[in-house]
Amino acid sequence: MIRQQKGFTLVEALLALLITGVLFLLSFPPFLKLYDHIKLNQAIALLQSDLNYIRQANMMPLQGGAYTLRIYHKQNSYVLRQGGVDLQTRVFPTGVFIPSVSTTSTDLSFNNLGHITRGLTLTIKSKYYEKKIVFSIGTGGIDIRDSN
């Protein structure tokens, strides 16, 4: 009398493992792009929050000096400053950077009405994505645009 064994054979188990591996390899690049997009958006959200902070601080009287945000292009970082004194340094996450420009740093500040002192456009990139931050003169608007 021959007993029937129930279960997978070695070939069936290897085939299932192969199919799982192929599916994982096909889904990995989209996850990398998603992670890259999230890192870029988080960096821009923090930068926008800091810009709103210095705008609000400059609109309040008797703050003890004008607040500015100085961006260091080569170091991929920026500093919140008050009256020429560094208060807080922020570094962009690995893989998020501001492309090289002709200057080593850019200062951003707002007047007592909340308007930016000069209009400009900053580009912030990651491996797969690029966004532009446009500062409008007169309105104090900060517009974030996708470049892709």
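The values are calculated or read from the model by the stated rules, or taken from the named source; none is laboratory data. Please read these numbers as outputs of a predicted model, since none were measured by experiment. Glycine also receives a Cβ, built like all others from the backbone with ideal geometry; neighbour counts cover every protein chain displayed.
A few points about this structure:
- The number of residues in the range 65-96 that are touching a helix residue (DSSP H, G or I) at 6+ places or on another chain (Cβ under 9 Å) and surrounded by fewer than 17 Cβ atoms within 10 Å (Cβ to Cβ) comes to 5.
- Scanning the range 97-136 for residues that are in a strand (DSSP E or B), touching a Lys or Arg at 6+ places or on another chain (Cβ under 7 Å) and surrounded by fewer than 15 Cβ atoms within 10 Å (Cβ to Cβ) returns Ser105, Asp107, Thr121, Thr123, Lys132, Val134.
- Close pairs from the range 61-72: first closer than 18 Å to Ile116 by Cβ and in a loop (DSSP other than H, G, I, E, B), partner among the hydroxyl-bearing types (Ser, Thr, Tyr) and at pLDDT below 90, Cβ under 9 Å, at least 6 apart: Ala66/Ser109
- There is at least one residue in the range 29-47 that is surrounded by 14 or more Cβ atoms within 10 Å (Cβ to Cβ) and in contact with a Pro (Cβ under 7 Å, 6 or more places away or on another chain).
- Summed over the range 86-135, residues that are of a type in the set (Phe, Trp, Tyr) and more than 24 Å from Phe31 (Cα to Cα) total 2.
- Residues that are at pLDDT 90 or above and of a type in the set (Phe, Trp, Tyr), drawn from the range 73-107: Tyr78, Phe92
- Restricting Ile44, Ile38, Ile54 to those that are without any contact (Cβ under 8 Å) to a residue 60 or more places away in the chain, part of a helix (DSSP H, G or I), among the β-branched types (Val, Ile, Thr) and over 12 Å from Ser109 (Cβ atoms) reduces the list to Ile38.
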